[in-house]
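Enquirer: Sharing a structure with you now.
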Amino acid sequence: MTDISTETRSVVIEKEIPFPAEKIWRALTQPHLIEEWLMKSDFKPVVDHRFNFSADWGAVDCRVLEVEPNKTLAYTWGAYGLETIVTWTLTPTNAGTHLRMEQSGFRRDQRQAYGGARSGWPQFFEKLEQVLARVE
């Protein structure tokens, strides 16, 4: 029998993006670019670096867990009792890069946060692609 209180869900978005991993990596790790598609932040791609994402509605407290340039980036994502992990995986393809984002750790009682992530991340992905198309 599974214990429903410890069971968690994830939001996963995967997309083939027609840009090299290095360019996507910059958009995922440079604060001035992150601000254009996600939120303001004081992010640094350094393991254990604590940083915040901030928006009109409030802030997200984060800590970098894993950094493998142009390949993997993971950080905690905590706000309003939410403790999740966001993991970005970049895999080169013939047409560009397969970008995978997983936000894991949503508890069953966090329906609103889970729903917010499910509707929010596709919009962030769209903005990210717009930034990539515009930036050198």
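Enquirer: Project the alpha carbons of the chain onto their principal axes and report the range along each, largest first, in whole Å.
Expert: For the chain, the Cα spread along each principal axis is 48, 31, 26 Å.
Enquirer: For the stretch 95-109 and the stretch 14-57, what is the separation of their C-alpha centers, rounded to whole Å?
Expert: 15
Enquirer: Between Glu83 and Arg118, what length comes free when the chain is fully extended (0.36 nm per residue of separation minus the Cα-Cα distance, one decimal in nm)? Let's see the in-between values first.
Expert: Values: separation 35, 0.36 × 35 = 12.60 nm, distance 1.58 nm.
Going from the current span to full extension adds 11.0 nm.
Enquirer: Let me ask you something else. Subtracting the Cα-Cα distance from 0.36 nm times the residue separation, let me have the gained length for Gln130 to Glu7 in nm, one decimal. Don't skip to the answer; put the middle values down first.
Expert: On the way: separation 123, 0.36 × 123 = 44.28 nm, distance 3.54 nm.
Residue separation times 0.36 nm, minus the Cα-Cα distance, leaves 40.7 nm.
Enquirer: Now, a different point. Given a Förster radius of 35 Å and the C-beta distance between Ala59 and Glu14 as r, what FRET efficiency does 1/(1 + (r/R0)^6) yield to the nearest 0.05? Mind showing how you got there, number by number?
Expert: Values: r = 27 Å, r/R0 = 0.79.
For R0 = 35 Å, the calculated efficiency reads 0.80.
Enquirer: In nanometres, what is the gap between the two model label sites at Val46 and His98, each 7 Å from Cα along Cα-to-Cβ?
Expert: About 3.4 nm separates the two model spin labels.
Enquirer: Taking the chain as the reference, fit the longest principal axis to its C-alpha atoms, fit the long axis of helix 111-134 to the helix C-alpha atoms, and give the angle between the two in degrees, 0 to 90, nearest 10.
Expert: Long axis of 111-134 versus the principal axis of the chain: about 0 degrees.
Enquirer: Given a Förster distance of 22 angstrom, what is the FRET efficiency for Thr91 paired with Glu35, based on the Cβ-Cβ distance and rounded to 0.05?
Expert: Values: r = 26 Å, r/R0 = 1.17.
Given R0 = 22 Å and the Cβ-Cβ separation, E is 0.30.
Each reported figure results from applying straightforward, stated rules to the coordinates on display, with no laboratory input. Computed from a predicted model, the values in this text were never measured in an experiment. Using ideal geometry, Cβ is built from the backbone for each residue, glycine included, and neighbour counts are taken over all protein chains shown.
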